[in-house]
1. When all alpha-carbon pairs of the stretch 279-530 are counted, what percent fall beyond 22 Å?
2. Give the order of H209, H306 when sorted by the count of other beta carbons within 10 angstrom, beginning with the fewest.
3. Give me the percent of DSSP beta bridges within the stretch 279-530 that run antiparallel, rounded to the nearest 5.
4. Two decimals, Cα atoms only, Kirkwood Rh: what is Rg/Rh over the chain?
5. At q = 0.13, 0.15, 0.19, 0.21 Å⁻¹, work out log10 I(q)/I(0) for the stretch 1-98 with the Debye formula, treating every Cα as an identical point scatterer and leaving solvent out; two decimals please.
6. Take A526 and Q284, extend 7 Å from each Cα along the Cα→Cβ direction, and tell me the distance between the two endpoints in nm.
7. Taking each full run of DSSP H in the chain as one helix, which ones are at least 15 Å long along their axis (Cα atoms) and have mean Kyte-Doolittle hydropathy of at least -1.0?
8. For the chain, what is the mean residue ellipticity at 222 nm derived from helices alone (per DSSP H run of n ≥ 4: -39500 (n - 2.57); sum divided by total residues; nearest 500 deg cm²/dmol)?
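Derivation of every value follows stated rules applied to the coordinates shown; laboratory data play no part. All figures in this text were calculated on a predicted structure; none of them were measured in a lab. Virtual Cβ from ideal backbone geometry, glycine too; neighbours counted across all protein chains shown.
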Amino acid sequence: MTSDQQAILDIRGLTVRLPARADRGNAIENVSFSVLPHEILCVVGESGSGKSVTAHTVMGLLPPKQLTATAGQVLLQGDDLLKKTPGEMRALRGARMSMIFQEPMTALNPLMSIGDQIEEILQIHTQMSAAESHGRMIEVMEAVKLPEPERLIHSYPHQISGGQRQRVMIAGALALEPILLIADEPTTALDVTTQAQILKLIKDIQRTHGTAVLFITHDFGVVAEIADRVVVMQHGLVVEQGEAKNVLTNPQHPYTRMLISSVPSMTPPKRPDTAAAPVVLETQALCKTYADRSLFRAARETRAAHNVDLTVRRGETLGVVGESGSGKSTLARCIVRLIDPTGGQILIDGHDIAGLSERRLRENRRLVQIIFQDPYRSLNPRRTVKASIIEGPMNFGVSKAEALTRASDLMTLVGLDPDALDRFPHQFSGGQRQRICIARALAMNPEVLIADEAVSALDVSVQAQVLELLDDVRKRFNLAILFITHDLRVAAQICDRIAVMYKGEIVEHGKAAEVFGTPSHDYTQALFNAAPGRDFEFGNFASA
């Protein structure tokens, strides 16, 4: 690749204005970078940095009357897209440039079959006959390694897995062999092995078709895995750009150094030995089976969790890792008794709560608290933060005055101003909302704290802060923490021990350093081998 190649995409001084009364004047300001043929350019930055606004401007998908491009050029092979009419942009989308969105379930039409959605692209942009478009549809589905395309074209989005839905999105994007492919966080919600497959697929497409790829991500493991060059954005500005290796190993801007230093290492740190601490949570042969009954076929059973044995000691964090469908969240919901286990025991301080009636269970609900993945959905949007935090303690007999004092103290503990208790959830950032959820859980003085993918939706720097907070909470309250995640880097840093789940069973467990250092089970080895950027050690540049 040479610098004198004509850029497929050349963005020059692009500025997009935000609506009045926004937190800043422009969503992006004076943004300039280019994407060359056969190149993968990764744009990185936290939420609000302007990554997606830049991509949507290129595609002509900015919401009308809300975001407006006020300056600059967006050149697709020298053709300024900002001067195109809506009709001209529709003709370009799909034919010369395509976009893969983060969440395929919302990008695909749930009322149309997979085949109809891909075929629609061909019908709009080409004069192909029905037989030709069918042949092309099968060809692109095979190219993205979708299984049994002739059968799959009759399926609907909800009938296939998340990884397959993302492959369908890619197949549609590639149907007309565009010269520019924009991928906006296409692997964020995917398991590590599926993520590895999608990343390899995009690299193969870029290599074999000569496609220029603009890849938007906040995952530096992904950057280390696929990027040729990197653009770093902060608050709508490009603060650094260059060859991927140079940016990752020798970042120049303080913001880039901070981001990279926040990436968790795959090497577990030395943690205190908790083997002598008393067991707080124990499951024995815990099972959860779902029965799918129908009038038209024999009943089918799905073993979501099967004979799960685990222990969590006081002051210890046990990490449960595995892919979607492995049974991690089912295990968490059984322990909290949000769902009833089919069999086995759940012992809290030696007392079995698995078979308790709802009346007797209520007395024990305080003992186990859970923090969910999405804090916005976990908090009632119509209630103030104060109301959400004090509700639980007051339900268990704590006076309002004492509950308010506890809420104020906990807000300080999680790094928030107690004066903000009267605000509503939407008035906080995602990281702040997760801190509020932690405060709400701690208000119950639990024995066990379960974090179910509690940091997976957060930016890398906010994620680092929340992980540090959880570890501090563990030590301060001597809590037993069950930490559920699919992010191996996070698990390596915060967990004392690791349990690996596969198809509802724990297939490997042990000290974090031992499991990460010498994984013994084939599935564990496959998980670790699929982690993006697994061989790249991100340095600490915070004080550079």
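1. 56
2. Ranking H209, H306 by Cβ neighbours within 10 Å, fewest first, gives H209, H306.
3. DSSP beta bridges in the stretch 279-530 are roughly 55 percent antiparallel.
4. Reported Rg/Rh (Cα atoms, Kirkwood Rh): 0.99.
5. -0.46, -0.61, -0.97, -1.16
6. 3.3
7. Flagged H segments are 114-125, 130-143, 162-174, 192-209, 385-395, 400-413, 430-442, 460-477.
8. Calculated from helices alone, the mean residue ellipticity at 222 nm is -10500 deg cm²/dmol.
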